[in-house]
1. Can you compute the FRET efficiency between K136 and N411 using 1/(1 + (r/R0)^6), with r the Cβ-Cβ distance and R0 = 56 Å? Round to the nearest 0.05.
2. Please give the FRET efficiency for R286 paired with N170, using the beta carbon to beta carbon distance and R0 = 35 Å, rounded to the nearest 0.05.
3. Under a point spin-label approximation (7 Å from Cα along Cα-to-Cβ), what is the T352-I225 distance to one decimal in nm?
4. Beta carbons within 10 angstrom, averaged per residue: use that to sort the peptides 444-452, 295-303, 498-506, highest first.
5. Hey, quick one: spin label on F463, modelled 7 Å out along Cα-Cβ, who in the range 331-365 has an amide N within reach, i.e. under 14 Å?
6. Could you grab the relative contact order for the range 68-510? Cα pairs under 8 Å, six or more apart, rounded to a whole percent.
7. What order do you get for 376-385, 197-206 when each peptide is scored by the mean count of other beta carbon atoms within 10 Å, highest first?
8. If you count, for each residue, the other Cβ atoms within 10 Å and average over each peptide, how do 69-80, 279-290, 216-227 line up from highest to lowest?
Amino acid sequence: MSGFTKSNGVDSDREHLLSQDTETDEGLYGNGTSINTISQPQTVILDPKRPVIIDQNGHLEKNKEYDVYLERWYVLGVYSLMAFLQCLAWNTWGPIEDTASIVLQWGPGQFALLANWGCITFLVSAFFFSWLLHAKGLRVAVLLTGGLLVIGVGIRCIPVPVPMMKWTMNIGHIFIGLAGPILMAAVTSISATWFPANERTTATALSSTLPFLGLAVSFVLGPEIVGNININATTTQSPLTVQGGNISFQYDHTDDDIQKHLQGIRLLMYIEFGAAALLYLAALIRFPARPPTPPTASAIAKREDMKSGLIAIVKKVSFWIPALAYATASGAYSGWTAQMVTIYNDHVDQTTCGWIGCYTNLAALFGGIVTGRFADYFTGKMKPILLILIVASCTTLSWSILLANDYIPFNLPCLYVSVILFGLFLNSTIPLFFEITVESAFPIGEETTTILMTWLNNLFALFFLILPMIPSIDKDFDWLNWVMLGSVIICIPLMIFYKEHYNRLDFDVSHPTQDSNPGGHQTNGGVCA
């Protein structure tokens, strides 16, 4: 967060906030209000258009107005759609693994490696991209990210022979993975830069859950375009036998079938490239780094530089508790989703599992947006909302495990409902985890806090995704359900003992305006840097 003039008063508040651990902080803001007094959970309905403007002498000017720009929705939309396409491209192979394994002669380890590149590249490059976002701003970071995404999906379109596709696909997925850090970590930066206080969680929810729409589309788009290879128990043709879990499938196919499905795979690559290229063109034409006038007092507060911020944040218990809860549950869910076809293959085929995945991620998108808006309305109530969602996630996942393992009679509609509800409840926690953590970490920059959270997320996801590459691991994968359940259950005690603080919200509340005009205004345009 950079580019606005900083005030001496804001700096003193920032330094005081950072000098204390948020678990025991009792410092004073400029108006004499203690953090502990304000930060207790309470309902605060804020007027997003009440102004705080910094004059040339570094003093707060009263009787001014914030500008809340309609263009904020365009910026959020371009960024969110880019994250949607990156997630769609990352999950290209999971929904079509059964067919692609026959057409391309790849084993489970190869598909796992393609998914792993997202986590590997994130872990290696995340802190560079965090520095880039902090130092160069949103426009430079997003345009570089969009370029990497276009290069990645473009390399996959190179018409090489089938044996060479292993190389083009892996190289392409490396570039697709490099697009991940900004598209995961800038969600809170955009909401803090462009949105007023009572829209921040909603904005974070939109940008952090739209990738689930990408996952949902991937579960439908891939199987619809590529199709399924015929599976027969017996065949008069020369079948190819592939081991899947404890079951040996015989695939009845001809050369024409192989070519048909190969062309479907190539078409899928072209579609994803075309969509990414068009969106990148839109970002090149218009993607401002920030609005001309900030929406809140905290939007112009000076943040710590990346090095100081990282050093400070790793010492904060108030960071580690929600960050570990988020990383454990969400990271495990990413890997669990990628293995969904394998986990449930004893009961449902690739196409059915694709539809379950589609509906699950659509539910996650809906749930995240609704929960984010709810949390914005009832400001200061994120912890109880998170606990309710986590307990509901445990309940619905337990139901699906009982069905999948035949502890209760299997019923396909019940499997649909249980998995969809699990995705809805668990993924609705993501924007709340982001916001509750950056609130307590303030005045450390949003990008620093979120990049470390998402780094931990990818570390846990990599653990799930690397398992199919280990030859000695049981390829049945039913046990992954139990690991997923444990990853969610552990979040309950973590959040019960977490003491929430809303330092950023307190900062905005403690720097109100005294404008005699209670109304603000919303601007349609304006020159943005």
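1. Numbers: r = 53 Å, r/R0 = 0.95.
Once rounded, the FRET efficiency stands at 0.60.
2. Values: r = 34 Å, r/R0 = 0.96.
The formula returns an efficiency of 0.55 here.
3. Calculated label separation equals 2.6 nm.
4. Working: 444-452: 28.6, 295-303: 24.6, 498-506: 22.8.
Per-residue Cβ counts within 10 Å, averaged per peptide and sorted highest first, yield 444-452, 295-303, 498-506.
5. Residues 331-336 fall inside that zone.
6. On the way: 741 pairs, mean separation 114.3, N = 443.
Dividing the mean separation by the residue count of the range 68-510 yields 26 percent.
7. Working: 376-385: 18.0, 197-206: 26.3.
Put in order of decreasing packing, that is 197-206, 376-385.
8. Values: 69-80: 19.3, 279-290: 16.2, 216-227: 21.7.
Put in order of decreasing packing, that is 216-227, 69-80, 279-290.
A short reminder: the numbers here are calculations on the coordinates, not readings from a lab. If you're wondering where the values come from, they're calculated on a predicted model, not measured in any experiment. All Cβ positions, glycine included, derive from the backbone under ideal geometry; neighbour counts span all protein chains shown.
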